[in-house]
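Below you'll find the structure, written out as structure tokens, and then a few comments.
The values are calculated or read from the model by the stated rules, or taken from the named source; none is laboratory data. If you're wondering where the values come from, they're calculated on a predicted model, not measured in any experiment. Note: ideal-geometry Cβ built from the backbone for every residue, glycine included; neighbour counts use all protein chains shown.
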Amino acid sequence: MTDSFSNLSLAPTLARAVAEMGYESMTPIQAQAIPVVLTGQDVMGAAQTGTGKTAAFSLPLLQRLLKHENPSTSPARHPVRALVLLPTRELADQVAQQIKMYAKYTQLRSAVVFGGMDMKPQTLELKQGVEVLVATPGRLLDHIEAKNAVLNQVEYVVLDEADRMLDIGFLPDLQRILSYLPKQRTTLLFSATFSPEIKRLAGSYLQNPITIEVARPNETASTVEQRFYAAQDDDKRRVIRKVLDDRGIKQAFIFVNSKLGCGRLARSLEREGLKTAALHGDKSQDERLKALEAFKKGEVDLLVCTDVAARGLDIKDVPAVFNFDVPYNAEDYVHRIGRTGRAGASGLAVTLVSPSDARLVGDIEKLIKKKLDVETLQLDTAPTGPAPEKWGTRAEDRPRGSAYEGRRRDEFDPRDALDTPRERRGGFRPAPVNRDPFFSKPYEASSANVSPSWDAVPKAPRSSISANIKPKRKVAALFKADE
Ligand code: AMP
């Protein structure tokens, strides 16, 4: 088979670790990226968490670092050679654990540093010397300033989940970190989408990168039927109900643009007798977990959520996604509707468009390079909205300047990010977060016969969260091995 790990001529120490992981063949991102990274070229990869991208960059990177492995106890013999940057501590911890497993039969050392933890143990580890350093940007800068981390011998830097790092506002931190690195190096950038900002970042810091895409980033799956229905705000719930009834759809995600709107819509739908739960940044971790579990078990039919709360969730086989609000950011449209029509299953994505949304729909058209027709769905009673011809999305129909322009960043809930960018630290400090590891890793459905996680006695957490992070009781249940 062409995608077998044995074709890679990995060093026996790495091949043994891979074999122990039980991987039979490479995932698509691995098959494409590993041979390129092995040549030392820069890479711009479009891949999300869950595609096997950690091994895609870390295996070739470790292979190339093997020339430096040595048994010396002197820290000077173990300078940082590879730096992996991630947006959240859960992701950093997850990636660091994987790297540790791949490197376990080598003499290469790795460590992880992230915010919200005592600096001292991290400092001790850094002072002993590590070849591979996994970090979140803010905490890394703290260590650089404290002279705990010296980066002048870095040969490889990985910007993982780069789009999320930019979303959170880490760009200035990244720029500072990159300024400490030698110019002569390999840079690997992974992002879910190639937005203009990501392209700009790549243009500034990557040299002739090879682009690798496992699923074209700004393309919507052909298995998703996309519908755009004109609807005044007051009619939107009726449109949803009609689509659900007409199509016999049992479960759906409904996306809204604000936390307030999310709660309000969930309550309205609930009052109308639909089994609904809300998922947004102001919900407690416990409430979020209960909502997810109930949706997964079919006790809840409609999950109303905001983009930030839903990010990183990989609930499979959702038959339909509704955009109650057209997203402010066209890329969120791609993310949202990517939750249906997965793995070859057909899905339905319905976007409810009010007259002021014309420009936002135009942005989506541009991004996905597809002409979108806004239809009028005949409701039982006459729609209260304007005549259909008013709903056009051609350029001339679009309002000049959108009332929503720039709103998305204001919407960003800093409590959904753990390592707040440094420029925000001095003044505004968000309340401490209970960030769900759940929201930073793919969501796997549990088997039908397990009791709800909030009822179950928590079992030993799965290895995906280390002793560095104190697992919350309810969260621990989500990492149990028998999910
Ligand atoms: P990642 O996208 O790197 O977070 O990986 C997601 C999960 O896929 C991790 O649990 C990996 O251990 C697993 N994985 C990575 N590569 C492979 C592979 N070739 N075969 C099977 N599982 C894999």
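A few notes on this one:
- Checking PRO75 against (1) at pLDDT 95 or above; (2) within 16 Å of the ligand (Cβ to nearest atom); (3) surrounded by fewer than 24 Cβ atoms within 10 Å (Cβ to Cβ), the condition it does not meet: (2)
- Among the residues making up the range 242-281, those that are closer than 21 Å to ASP357 by Cα and surrounded by fewer than 21 Cβ atoms within 10 Å (Cβ to Cβ) are VAL243, SER258, LYS259, LEU260, GLY261, ARG264.
- Residues that are surrounded by fewer than 24 Cβ atoms within 10 Å (Cβ to Cβ) and either over 22 Å from the mean Cα position of the chain (by Cα) or on the phi > 0 side of the Ramachandran plot (or both), drawn from the range 81-99: ARG81
- Looking across the range 84-107, the residues that are away from the ligand (no atom under 16 Å from the Cβ) and touching a helix residue (DSSP H, G or I) at 6+ places or on another chain (Cβ under 8 Å) come down to TYR105, THR106.
- Every residue from the range 270-302 that is assigned to a helix (DSSP H, G or I) and touching a residue at least 12 places away in the same chain (Cβ under 8 Å): GLN285, ASP286, ARG288, LEU289, LYS290, ALA291, LEU292, GLU293, ALA294, PHE295, LYS296
- Hits in the range 28-40 - residues which are crowded, with 16+ Cβ neighbours inside 10 Å and in contact (Cβ under 8 Å) with a residue 40 or more places away in the chain: PRO28, ILE29, GLN32, ALA33, VAL36, VAL37
- Members of the range 349-371 that are buried (at least 21 other Cβ atoms within 10 Å of the Cβ) and touching a residue at least 40 places away in the same chain (Cβ under 8 Å): ALA349, VAL350, THR351, LEU352, VAL353, ALA358, LEU360, VAL361
- So ARG267, is it part of a helix (DSSP H, G or I) and farther than 27 Å from ASP363 by Cβ: yes
- Residue list for the range 123-152, filter: surrounded by 24 or more Cβ atoms within 10 Å (Cβ to Cβ) and either polar (S, T, N, Q) or not in a helix (DSSP H, G or I) (or both): GLU131, VAL132, LEU133, VAL134, ALA135, THR136, ALA149
- Test: SER74 is within 27 Å of LYS127 (Cβ to Cβ) and touching a Phe, Trp or Tyr at 6+ places or on another chain (Cβ under 6 Å): no
Results for (1) assigned by TED's automatic domain parsing to the domain that holds LEU372; (2) more than 21 Å from LEU133 (Cβ to Cβ); (3) free of Cβ contacts under 8 Å to residues at least 40 places away in the same chain, shown as yes or no for each residue.
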site: VAL158; (1), (2), (3): no, no, no
site: ARG164; (1), (2), (3): no, no, no
site: ALA202; (1), (2), (3): no, yes, no
site: ALA231; (1), (2), (3): yes, yes, no
site: VAL239; (1), (2), (3): yes, yes, no
site: LYS259; (1), (2), (3): yes, yes, no
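- The one condition from (1) more than 9 Å from the ligand (Cβ to nearest atom); (2) touching a Leu at 6+ places or on another chain (Cβ under 8 Å); (3) over 19 Å from ALA162 (Cβ atoms) that ASP42 does not meet is (3).
- ALA55 within 12 Å of the ligand (Cβ to nearest atom), farther than 16 Å from ARG164 by Cβ and either at pLDDT 95 or above or not basic (Lys, Arg) (or both): yes
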